[in-house]
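Here the structure comes first, spelled out in structure tokens, and everything after it is commentary.
What follows draws every value from the coordinates through simple rules; no lab data is involved. From a predicted model like this one, the values you see are computed outputs, not experimental measurements.
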């Protein structure tokens, strides 16, 4: 097996395990800020009253996960373009 092919397979293996880890462990932090303001009109000037409402939302996704005993269950190479693909399998049983 050539060095280039070995690197392609290793890359496919790492990507497969990375995708499994992302799917199993995702922590989402969500921050929502609401802001409402109302300014009363001056006496005799009702057109001067003003109301505002602002809503902003931010989301951050963090992942940190260790796969225990991942196994590459299958590999496939696309005959059309030579891209290597791997299927990673992990046990969902708790490890001590």
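Observations on the model:
- Net length available on complete extension from residue 77 to residue 8 is 23.8 nm, with 0.36 nm assigned per residue and the Cα-Cα distance removed.
- Note on residue 90 and residue 69: the extension gain reaches 6.9 nm, defined as 0.36 nm multiplied by sequence separation minus the Cα-Cα distance.
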